[in-house]
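Engineer: Following this message is one structure expressed as structure tokens.
The values are calculated or read from the model by the stated rules, or taken from the named source; none is laboratory data. Computed from a predicted model, the values in this text were never measured in an experiment. Virtual Cβ from ideal backbone geometry, glycine too; neighbours counted across all protein chains shown. What goes into the accessible areas is simple: the full protein's heavy atoms, side chains included, and nothing from ligands, DNA or RNA. Shrake-Rupley method; radii C 1.70, N 1.55, O 1.52, S 1.80 Å.
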Amino acid sequence: MVFNLKKNKTSEEIQLDPDKMPNHVAIIMDGNGRWAKKRHLPRIAGHKTGMDTVKTVTMAANDLGIKVLTLYAFSTENWKRPETEVNYLMSLPGTFFDKFVPELIEKNVKVNVMGYIDQLPNETKIAVRKAIEDTKNNTGMILNFALNYGGRAEIVTAMQEIAADATKGKIDVADITDKTIDQYLMTANLAPYNDPELLIRTSGEERISNFLLWQIAYSELVFTDTLWPDFSEDALKDAIFNYQKRDRRFGGIKE
Ligand code: FPP
């Protein structure tokens, strides 16, 4: 079976191979500020439209049968932004969940949040915990927000916990493998889909920005010039189409 997909501007048909769908797609949602600037709007207008794109792309990913969608919503470095912008970004999870949790429940989508949640403002923390609680019995796609997340900090925390458990005699240093590290990272509860097969970054920037450093060891990277607020269902399908054309060898050779 082949999905018949979009009619793009040139009316070309893109056909995705359902046997080669990525299980876990991660997205660095970049370009909200530039989208707003192009329209002579304040930056927060870009974030607001970006929030609606989160909904569109979540539903599209769910329809495509993706198991985990991880979205980089706020990094541990984003606190450096002006206070008004940080405050606005911190209000978005609450706005998003208030508006869309009923639909997420209807679609059997489960919300997960990874990051240093304890350091978030109280209202954000409450909104996040409520969304997780409200969707905890859902068994479909996991919508995983990276919120106050940083890849290096995540690895440091994991190393501290591994060292503490080794000191207590809970684990033997000689038994530490990459699987042990998987189990101590913030993606542990996404098992067996801890690592994204596909990482997308929007807005034309081609860097990782401290996102999922351990987990993307073998991910396929797709960079698109589209600014996040303009990203769409078709853009997601295009990125997956691109991914499906890649020859993934994991360090081996082609048979
Ligand atoms: C990067 O664009 C974007 C962010 C730091 C925030 C991303 C947040 C959203 C898309 C909305 C999140 C929604 C929920 C539900 C949590 P930028 O501001 O750096 O853009 P620029 O590089 O063009 O300035």
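Engineer: Taking every pair of alpha-carbon atoms in the stretch 97-251, what share in percent sits in each 5 Å bin, from 0 to the bin with the longest distance?
Structural biologist: P(r) for the stretch 97-251, in whole percents per bin: 2, 8, 13, 16, 19, 19, 13, 6, 3, 1, 0.
Engineer: Pull up the DSSP beta bridges for the stretch 36-152 and report the antiparallel fraction as a percent, rounded to 5.
Structural biologist: Details: 0 of 12 bridges.
Restricted to the stretch 36-152, the bridges split so that about 0 percent are antiparallel.
Engineer: Taking amide H atoms as placed 1.01 Å from N in the peptide plane, list the residues 5 or more away in sequence, or in a different chain, whose amide H sits under 5 Å from that of Ile200.
Structural biologist: Counting only residues 5 or more places away or on other chains, the set is Ala26, Ile27, Ile28, Val222.
Engineer: I've got another one for you. Quick check: residue separation of Glu133 and Lys99 times 0.36 nm, minus the Cα distance between them. What number comes out in nm?
Structural biologist: Here the answer is 10.7 nm.
Engineer: Ranked highest first by the average count of other Cβ atoms within 10 Å around their residues, in what order do 158-171, 202-215 fall?
Structural biologist: For the peptides 158-171, 202-215, the packing ranking is 202-215, 158-171.
Engineer: Spin-label point model (7 Å from Cα, Cβ direction): what's the Thr167 to Asp118 distance in nm?
Structural biologist: Placing both labels 7 Å beyond Cα along the Cβ direction yields 1.6 nm.
Engineer: Read phi for every residue in the stretch 183-195 and hand back ³J(HN,Hα) as whole Hz from Karplus 6.51 cos²θ - 1.76 cosθ + 1.60, θ = phi - 60°, with x for Gly and Pro.
Structural biologist: For the stretch 183-195, the Karplus-derived couplings read 6, 9, 7, 6, 8, 4, 7, 8, 3, x, 10, 4, 9 Hz, x marking Gly and Pro.
Engineer: Using r as the Cβ-Cβ distance of Arg207 and Arg34, and R0 as 22 Å, what FRET efficiency do you calculate, to the nearest 0.05?
Structural biologist: Working: r = 16 Å, r/R0 = 0.71.
For Arg207 and Arg34, the calculated efficiency is 0.90.
Engineer: Shifting gears a bit: Using a 1.4 angstrom probe and counting only protein chains, how large is the accessible area of Met51 in Å², to 10?
Structural biologist: Surface accessible to solvent at Met51 totals approximately 20 Å².
Engineer: Under a Cβ-only charge scheme (Lys and Arg +1, Asp and Glu -1), can you give me the dipole magnitude of the chain about the Cα centre, in debye to the nearest 20?
Structural biologist: Working: 33 positive and 36 negative charges, 114 e Å.
Taking the Cα centre of the chain as origin, the dipole is about 540 debye.
Engineer: Now for a separate question. Sequence gap at least 6, Cα distance under 8 Å: using those rules, report the relative contact order of the stretch 138-255 to the nearest whole percent.
Structural biologist: 23 percent
Engineer: Same structure, new question: Could you give the dipole magnitude of the stretch 83-231 about its Cα centre, charging the beta-carbon of Lys and Arg +1 and that of Asp and Glu -1, in debye to the nearest 20?
Structural biologist: For this selection, approximately 400 debye.
Engineer: Given contacts defined as C-alpha pairs under 8 Å and at least six residues apart, what's the relative contact order of the chain, whole-number percent?
Structural biologist: Contact order relative to length: 27 percent.
Engineer: If you take every DSSP beta bridge whose two residues both sit in the chain, what share of them, in percent to the nearest 5, is antiparallel?
Structural biologist: That works out to approximately 10 percent antiparallel.
Engineer: For the stretch 122-255, which whole percent of the accessible surface, found with a 1.4 angstrom probe, sits on carbon and sulfur atoms?
Structural biologist: Carbon and sulfur together cover 50 percent of it.
Engineer: Counting only heavy atoms of the protein chains, get the accessible area per residue of the chain (1.4 Å probe) and round it to a whole Å² value.
Structural biologist: 52 Å²
Engineer: Beyond 29 Å between alpha-carbons counts as too far, so tell me which of Lys48/Lys179; Lys67/Lys179; Lys125/Lys168; Lys20/Lys48 fall in that bin.
Structural biologist: Lys48/Lys179; Lys125/Lys168; Lys20/Lys48
Engineer: Here is a further query. Could you tell me which residue out of Asn148, Gln160, Met186 lies farthest along the dipole of the stretch 147-253 toward its positive end? Charges go on the beta carbon: Lys and Arg +1, Asp and Glu -1, centred on the Cα centre.
Structural biologist: Of the listed residues, the answer is Gln160.
Engineer: List the aspartates and glutamates whose Cα lies under 15 Å from the Cα of Lys107, skipping any in the same chain that are fewer than 8 positions away.
Structural biologist: Lys107 reaches Asp63, Asp134.
Engineer: In the chain, with Lys and Arg counted as +1 and Asp and Glu as -1 at Cβ, which of these residues, His47, Tyr243, Ile105, has the Cα nearest the positive end of the dipole, that is, farthest along it?
Structural biologist: Of the options given, the answer is His47.
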